Structure formats: C-alpha cells, structure tokens
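The values are calculated or read from the model by the stated rules, or taken from the named source; none is laboratory data. Here the structure is a predicted model, which is why all the values come from computation and not from measurement. Glycine gets a Cβ as well: all are built from the backbone with ideal geometry, and neighbour counts include every protein chain shown.
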Amino acid sequence: MKKYLIILLLALLSYPVIACDICGCGVGSYYLGILPEYNKRFIGLRYQHKTLVTHLGPFGERTPLTSDETYQTMELWGGWNIGKKFRVLAFVPYNFNERTAQTGDGYKDGLGDVAVMGYYNLLSKRGMVGEQLIVHSLWVGAGIKAPTGKYEPAERKLSSESPNNFQLGTASADFTLNAAYDVRLMDLGLNINANYKINTANKYDYRYGNKLTTNALLYYKFRFFKKLTVAPNAGVLYETSQQDVEDKKYTVDVSGGHVLSLVGGLEANYGRFSAGANYQDVASQQLANNRVSAGNRLMVHLSVAF
C-alpha cells in the first residue's frame, strides 16, 4: 500500500505551479470530491455556482473596465461500475454565464463540453488494524472532453486584457489523466482525487493551458436507523494551470495561475438516494498576473443508484 500512496502523492505534487480556463470558472471544471454511494450505476444532477472578477488593475484594484462574472452549471452526471475492475463517469453540463460591467452586460447559456472518464481499479483491499476494519482503494484512468459547447472567437477579440473565459465551450477535444484514492478506518476516511487536463488547440488556434485539479477530504460517516448515512467532510482543493497560447506561439498574459480553497461539506445517503453539498472558500490565489480574482464557490448534488 505504501508504494501506491507514494506514487499518487508524487503525481499530485510533481506538476509545475505556474498556472486556467481560470481555475474552475467558465469551461472545463473537473472537481469530483466524494462520489455518491452506489454499487453498479448512478445518475444525478449537480449544480455549481462560481464568481469571478476580471479587468482588475495592476495591483488588483477595481477600474472602470472591471467586470463581475457569474458562472452557473447544471450538470447531468452518472457512473457505471463494469465488473469489479472498471468504472466510467460521464458529465453533460448546461452552462449559464452572466457578466456585469460599466462597459456593458452580457449573458449566454447553452450546452457545455461533454466529458467521459474511465477508471481501472489498481488496488482494492480490506484488512484489520487491531479490531478495526480498514478499507482502501486506488482507481486510475483517463478521459476525453468533446467540443460540444459553443465557442465564440469574437469574445476573445473584444479585449486582449480579458481572460478568454466567458465561453460555453473550448471548441477543442481535450484529454484527462485521473486518479482517485480512498482509505477508511471503520467510519473515518480520507478521499483524494487528482485530475490533469491536457488541452489541444481549437480550430481558431487558441489553446487553453493544461490544468491540474487536486483535492483531499477527510470525512466521518454517522449511521442512523440502519439506512441513513450522514458524512460531514472537510479538506482542501488546489487548482493550477499553465497560461493559454494563441496563434501557436503567443502566450496569453491574462491566463494561468493557481487557487487554493478550503472545502467544507456534507454527504447523505438513504437507500438508493444520495445528496450532498459543499462550500469552497478561497484561501489564496494568484490568477492571470493578479488581473483576475476568483470568488468562493458552492456545489449541490442529488443522485439515485440503480
């Protein structure tokens, strides 16, 4: 087990911190967290609410060009365990983007970029620590994101001082490398997820920077009436990405960066039904050379196993 833990931790820490589609806002957010409880399949809805302030001055101050942006996503998602070794997760997002600024407001909504991720169960073990049961698993895999969301090249041309974030999709086929580790001693557990997104250039010669998303959550399962499980959780979420590139050679200054957030949430399961919510409080950030500031985020989900 120690060997696999070392490999996973190195994977989480080895990518350069240079960093987004501005770290989780706009197109291409891959925060997973704790999955709903299910044996074979589940399907559900996730709602995500995020905010962003763009066009900040050189020292992060508001200017007449500053805009306040809100990104909301209603996402159909599901998982399917194929035997004991394989798992597939799929995401179909519908995005609502809103922008408020002195120079003019904006709004757009529509289908986002559909993504599919496949996992292989590299490690699954149960044992005893004294008289207490310990269970742990490690899943690794890869995925693909299809260019199903609308991309407007004119949005990028509006201002070279604005991140290319106010889009429904990237217009590029992108790929992900994924790892998920969970260890639980009786009812106390630790969940770790890592996702590295490899972006390609779209037909407009714009390539979003590659992005790493990791999170670690400590949770405890309280059991009531034999069917109800409630699991409060807390941890950290870290996102970092490289800067965007356009016309195959020009680095986009107002892109890239990193965000560290503190996460607190609650997961509940009753029979086949699961629900959960978490709040992500930004602890530190450095985005687009300090020309962009990310706000706190909220995520809520409902699902049913079948």
Residues satisfying the stated conditions in region 82-133, i.e. basic (Lys, Arg) and either in contact with a Ser or Thr (Cβ under 7 Å, 6 or more places away or on another chain) or in a strand (DSSP E or B) (or both)
ARG87, ARG99, LYS108, LYS125, ARG126
Does ASN165 satisfy the criteria of being among the polar types (S, T, N, Q), in contact with a Phe, Trp or Tyr (Cβ under 9 Å, 6 or more places away or on another chain) and not in a loop (DSSP other than H, G, I, E, B)?
no
Between residues in region 220-234 that are among the aliphatic types (A, V, I, L, M) and surrounded by fewer than 12 Cβ atoms within 10 Å (Cβ to Cβ) and residues that are modelled with pLDDT of 95 or more and in a strand (DSSP E or B), which pairs lie under 7 Å by C-beta distance while being six or more apart or on different chains?
none
Subset tally (residues that are under 30 Å from GLU161 (Cα atoms) and outside any strand (DSSP E or B)) for region 220-271
11
Sole miss for TYR279 among (1) surrounded by fewer than 21 Cβ atoms within 10 Å (Cβ to Cβ); (2) hydroxyl-bearing (Ser, Thr, Tyr); (3) modelled with pLDDT under 95 is condition (3)
Matching option when the condition is over 20 Å from TYR94 (Cα atoms) and either modelled with pLDDT of 95 or more or out of contact with any Cys (no Cβ under 8 Å at 6 or more places or on another chain) (or both), among ASP174, ASP182:
ASP182
Single residue of ALA146, ALA179, ALA154 found to be touching a helix residue (DSSP H, G or I) at 6+ places or on another chain (Cβ under 8 Å), at negative phi and not β-branched (Val, Ile, Thr)
ALA179
Can you list residue pairs whose Cβ atoms sit under 6 Å apart, with the first residue in region 97-113 being farther than 20 Å from THR66 by Cβ and the second being basic (Lys, Arg) and part of a loop (DSSP other than H, G, I, E, B)? Count only pairs 6 or more apart in sequence or on different chains.
GLY110/LYS150
Among (1) β-branched (Val, Ile, Thr); (2) loosely packed, with under 14 Cβ neighbours inside 10 Å; (3) under 24 Å from the mean Cα position of the chain (by Cα), VAL140 falls short only on (2)
